[in-house]
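Structure record follows, encoded as structure tokens.
Bear in mind that the values in this text are calculations on the coordinates, not laboratory data. Predicted model only: the values in this text are computed from it and were never measured. With ideal geometry, Cβ positions are generated from the backbone for all residues, glycine too; neighbour counts draw on all protein chains shown.
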Amino acid sequence: MGWSIPILRVAGIQLRIHITFLLLIAWIGFAYYAQGGSSAAMGGVLFILLLFACVVLHEFGHALAGKAFGINTPDITLLPIGGVARLERIPDEPVQELIIAAAGPAVTALIALGAFIGGGSWDYPPTTKTSIPDLLFTMNVVLLLFNLLPAFPMDGGRVLRALLATQMSYARATQVAATVGQGFAFVFGFLGLFFNPFLIFIALFVYIGASQEAALAQMKDVSRRFPVSSAMVREFRTLPADATLEEAVDALLATSQHDFPVVDESGAVAGLLTRHDLISALRKNNPELRVGNVMRRDIPTVTTGTRFEDAFRIMQEFDCPAVPVLDRMKRLVGLLTPENVTELMMVQSAMPQRRVL
């Protein structure tokens, strides 16, 4: 996710903090300082640390549930509205998504229950005199109630989609849940105008998250119906492994390509040179570097008959900006990029009664 900062890796999952989450921390710190000076600010620091821990545990609940269905979680990003566990793929069955979505709130509920047994109370907002169990109880009850709102991108919205998907298509269920999420965003924004401006900030995230979920579901619905050959790039440039970086720059500037398949002497795919890797290599100012020295070698390939849905999942799992497409003879015949999926979706939306060949 853009505008996020990696902080540490736990159990193979990269933890990230979105810049806007840092704004939330600053807002909390200022609120506590304004309430009681430096002594209250110490309580604010404790609140922030506990908030961080609770959100991370909540998201690990999703990750562990996904792992049970063979779905890995590359990273978790902390946002002002909570966290986002990025799964490698969307669960295949509604019941799987229901379990994964409910796993996070279940962890939050267990933390709240443990804090209540340990001496929870309804004191809010917490102060420096409030015990840690009190703080944990109040915080997790608020997190639980907020996350259970039936609105994307909160867990309640995913639960709603999973339930709807048992009665209608996945794309339609997502559209309904996203519309509900956008409705909640307008409510948050309206309340923020009169009570707390921070609600406007939350409304923006909820609206954007709901819109992205709807777009992703539409993309999946279109991509699962067509093979890669429907819209792969057929006219593209390749680079030999022994090409100079200057030759790669010429290809980059002369075409609209950002990423170039690298082939060996036999014409087989040896790797992929991305624009990012090319620019990084140029900064080293080493004239002896060749394309083969800076290309990515661990790239996947797909065939012309691979479904867009599967190819797009492979691109996400390998974090690969482009995937070479091979024919039945293992010859390089195309290149697949995320833009291909988007363009196919746009064409299908414009011509719903026609099939792209």
For the stretch 291-308, Karplus couplings with θ = phi - 60° (6.51, -1.76, 1.60), whole Hz, Gly/Pro x | 4, x, 7, 10, 6, 7, 9, 8, 9, x, 10, 10, 9, 4, x, 5, 5, 3
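May I ask you to sort Trp27, Trp3 by Cβ crowding, counting other Cβ atoms within 10 Å and putting the fewest first? Let's see the in-between values first.
Working: Trp27 14, Trp3 11.
The fewest-first ordering by Cβ neighbours comes to Trp3, Trp27.
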The convex hull of the Cα atoms of the chain, divided by residue count, gives a volume in Å³ per residue of 175
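Treating only the Cβ atoms of Lys and Arg (+1) and Asp and Glu (-1) as charged, compute the dipole magnitude of the chain about its Cα centre; round to the nearest 20 debye. Walk me through the numbers before you get to the answer.
Details: 27 positive and 29 negative charges, 95 e Å.
Rounded to the nearest 20 debye, it is 460 debye.
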Between 0 and 90°, nearest 10: helix 132-147 axis offset from the chain longest Cα axis = 50
Identify, among His258, Gln96, Pro6, the residue whose Cα sits farthest towards the positive end of the charge dipole of the chain, taking +1 on the Cβ of Lys and Arg and -1 on the Cβ of Asp and Glu, with the dipole about the Cα centre.
-> Gln96
Table column - 3J(HN,Hα) (Hz), the stretch 249-255, Karplus curve with 6.51, -1.76, 1.60, x for Gly and Pro | 5, 4, 5, 5, 7, 8, 10
Farthest positive-ward along the chain dipole, Cα basis, beta-carbon charges - from Ile299, Ala270, His58 = His58
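Got the relative contact order for the stretch 228-350 handy, in percent, Cα pairs under 8 Å and 6 or more residues apart?
Details: 191 pairs, mean separation 35.8, N = 123.
Relative contact order for the stretch 228-350 comes out at 29 percent.
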Counting only residues 5 or more apart in sequence or on a different chain, those whose built amide H sits under 5 Å from that of Arg296 are Leu272, Leu273, Thr274
With contacts defined as alpha carbon pairs under 8 Å and 6 or more residues apart, what's the relative contact order of the stretch 4-223 in percent?
-> 14
Kindly rank 35-43, 314-322, 6-14 from highest to lowest mean number of other beta carbons found within 10 Å of each residue.
-> 314-322, 35-43, 6-14
Collect residues whose amide H, placed 1.01 Å from N in the peptide plane, falls under 5 Å from the amide H of Val263; neighbours closer than 5 in sequence don't count.
-> Leu239, Ala241, Ala270
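Averaging over every viewing direction, what projected area does the convex hull of the Cα atoms of the stretch 228-350 cover, in nm²?
Values: hull surface 31.2 nm².
Convex hull of Cα atoms, orientation-averaged projection: 7.8 nm².
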Nearest-ten-degree value, helix 19-68 long axis tilted from longest Cα axis of the chain = 50
